[in-house]
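**Q** Got a structure here, written out as structure tokens. Questions coming.
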Amino acid sequence: MKKQHLFILLLTFFYSCNSNKSLEIEAEITSPQKDTLYIIHDDPVSKIDTVYLENNKFSYQTPIDTITLIRLYIENNKYIPLIATQPGKIKITGTMEQPILTGKGSCMEIQHFNDSIGNKYTGKDLIKETENYIRKHPQSFLSAYLIDKYFIQVKEPDYKKIEELINSLSGTIRDCRILTVAQEDIKRNQKETNYVSYFTCKDRNGKFVGITENKNFTLLNFWASWDKESCEQKDSIHAILPKIKKGKLTVINLSLDSNEDEWSSQCKPDTTAWKECCDFKGWNNNAVLQNKIARLPQNILIDNSRKIIQRNIQPQALPDLIEKLIQEKEAQNKKKK
């Protein structure tokens with residue numbers, strides 16, 4: 001009888017311990033611009049969840065048994081990093097632009113940074129103070145997010161500076177997913193040539209689209225209906241396409257949407273030069289994973305051998321660039337004859 005009681009006590013203790021191994025996020029946002037937000041898991045797993053504000057509030061819960069890195073993504077690469085080192089609750093109040101975090105551990109480190117630097121400085125002074133903070137905190141996961149936010153997600157990343165800052169961090173911090181992606185970008189940038197891995201995708205009619213069907217050049221354009229900046233860039237590419245010689249460029253738009261209606265509402269009519277593709281896997285799309293796409297908008301220009309010509313081209317630069325590449329290709333073909 002005593003053994004049975006002991007077993008029940010152990011079972012109750014085991015259940016209660018495991019049931020508490022979760023991270024709970026509670027938020028009450030002042031004057032939100034959108035009622036749909038996204039929670040991006042960076043470590044130890046990679047996934048994306050959607051949360052909806054009701055009366056400006058939401059509650060979210062996820063299992064946790066190790067250090068967990070999460071971003072509460074708003075839009076246009078704006079996000080609130082959430083770092084959980086143990087089970088518990090993180091509360092978010094204030095506005096999305098100036099959130100107030102309460103809880104335990106690393107989330108208070110984020111709040112301290114916002115109070116002492118993030119909300120205090122602007123422009124070059126903000127970048128300088130952020131760099132000083134990173135160098136003083138080489139064992140902080142917040143430093144990884146600060147590198148991503150202030151040095152990687154800019155129009156013209158300084159890869160030398162990024163590599164220098166990453167190398168100043170401890171090994172555990174360098175190995176987190178948000179920085180391993182950046183390190184892959186650095187390696188790509190340092191190589192003279194690089195190629196896109198082969199992948200397949202389907203258009204709206206279920207037909208497979210070949211990424212090298214065009215004998216000249218293809219632009220792989222990564223976007224999502226929930227990302228305003230990527231939608232605007234997609235519209236600009238579509239508007240500029242008639243200025244490019246027919247048959248010289250195909251644009252394959254690879255969406256990170258998970259909702260078919262939201263995706264199709266932002267699609268343009270398919271043509272031989274314009275393809276809309278989506279498998280509704282979001283960040284787990286093969287093309288996204290293979291090409292280490294970690295933020296939007298992104299685009300990659302390739303030739304028909306899948307060799308990368310250039311990344312992140314501004315739409316207005318496309319006509320002149322394609323014309324130049326066509327002339328170079330024709331000149332090479334003449335030499336071969």
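Nothing in this text is a laboratory measurement; each read-out follows from the coordinates by a stated rule. Computed from a predicted structure; not experimentally measured. Neighbour counts are summed over all protein chains in view; Cβ atoms, including those assigned to glycine, are modelled from backbone coordinates with ideal geometry.
**Q** Hey, could you get me the Stokes-Einstein D for region 26-107, Kirkwood radius over alpha-carbon pairs, 4 °C and 1.567 mPa s, rounded to whole µm² s⁻¹?
**A** Details: Rh = 13.0 Å.
Answer from the Stokes-Einstein relation: 100 µm²/s.
**Q** Using the alpha-carbon centroid of each, what span in Å lies between region 27-61 and region 276-337?
**A** Using only Cα atoms, the two centres lie 33 Å from each other.
**Q** Per residue, what volume in Å³ does the Cα convex hull of region 72-142 take up? Don't jump to the answer; show the numbers that get you there.
**A** Values: hull volume 6.7 nm³, N = 71.
Cα convex hull per residue, to the nearest whole number: 95 Å³.
**Q** Here's something else I'd like to know. Multiply the residue gap between LYS21 and ILE127 by 0.36 nm, knock off their C-alpha separation, and tell me the result in nm, one decimal place.
**A** Working: separation 106, 0.36 × 106 = 38.16 nm, distance 3.67 nm.
Stretched out fully, the LYS21 to ILE127 stretch lengthens by 34.5 nm.
**Q** Cα atoms only: what Rg and Dmax, in Å, come out for region 168-310?
**A** 15.7, 51
**Q** Rounded to the nearest 5, what % of the DSSP beta bridges within the chain are antiparallel ones? Let's see the in-between values first.
**A** Values: 43 of 59 bridges.
Antiparallel bridges: around 75 percent, rounded to the nearest 5.
**Q** Let me ask you something else. Over 31 Å between Cα atoms: which of LYS281/LYS324; LYS89/LYS136; LYS307/LYS335; LYS78/LYS234; LYS207/LYS246 fall into that group? Working shown, then result.
**A** On the way: LYS281/LYS324 36 Å; LYS89/LYS136 27 Å; LYS307/LYS335 21 Å; LYS78/LYS234 19 Å; LYS207/LYS246 22 Å.
The pairs that break the limit, which is 31 Å between Cα atoms, are LYS281/LYS324.
**Q** Given a Förster radius of 25 Å and the C-beta distance between ARG204 and LYS91 as r, what FRET efficiency does 1/(1 + (r/R0)^6) yield to the nearest 0.05?
**A** Values: r = 42 Å, r/R0 = 1.69.
Working from the Cβ atoms, E equals 0.05.
**Q** A further question on this structure: With everything on Cα atoms, drop me the angle between helix 123-136 and the longest principal axis of the chain, reported from 0 to 90° to the nearest 10.
**A** Result, in degrees: 60.
**Q** Could you pull the Cα extents of region 106-255 along its three principal axes, largest to smallest, in whole Å?
**A** The Cα atoms of region 106-255 stretch 53, 29, 27 Å along their principal axes.
**Q** Expressed as a fraction of 2.2 N^0.38 Å, the rule-of-thumb size for a compact globular protein of N residues, what is the C-alpha radius of gyration of region 238-337?
**A** Numbers: Rg = 15.5 Å, N = 100, 2.2 N^0.38 = 12.7 Å.
For region 238-337, the normalised Cα radius of gyration is 1.22.
**Q** Loop-only check: which trypsin sites (Lys or Arg not before Pro) in region 59-145 are DSSP coil with at most 15 other Cβ within 10 angstrom? Walk me through the numbers before you get to the answer.
**A** Details: sites: ARG71, LYS78, LYS89, LYS91, LYS104, LYS120, LYS124, LYS128, ARG135, LYS136; in loops: LYS104, LYS120.
In loop regions of region 59-145 (DSSP not H, G, I, E or B), the sparsely surrounded trypsin sites (Lys or Arg not before Pro) are LYS104, LYS120.
**Q** Let me ask something else. Any chance you could give the angle, 0 to 90 degrees and rounded to 10, that helix 318-336 forms with the longest Cα principal axis of the chain?
**A** Taking Cα atoms only, the helix is inclined about 50 degrees.
**Q** Can I ask one more? With axes computed from alpha carbons, what is the tilt in degrees of helix 2-19 against the longest principal axis of the chain, rounded to the nearest 10 within 0 to 90?
**A** 40
**Q** Test of understanding: given the chain, find the longest segment containing no chymotrypsin sites (Phe, Trp or Tyr not before Pro) that are in a DSSP loop and have at most 14 other Cβ atoms within 10 Å. Show your work: numbers first, answer last.
**A** Details: sites that count: TYR121, TYR198, PHE280.
Result, exposed sites excluded: 1-120.
**Q** Could you check the spin-label model distance between GLU54 and ASP320? Points 7 Å from the Cα along Cα→Cβ, value in nm.
**A** Going by the 7 Å Cα→Cβ label model, 5.3 nm.
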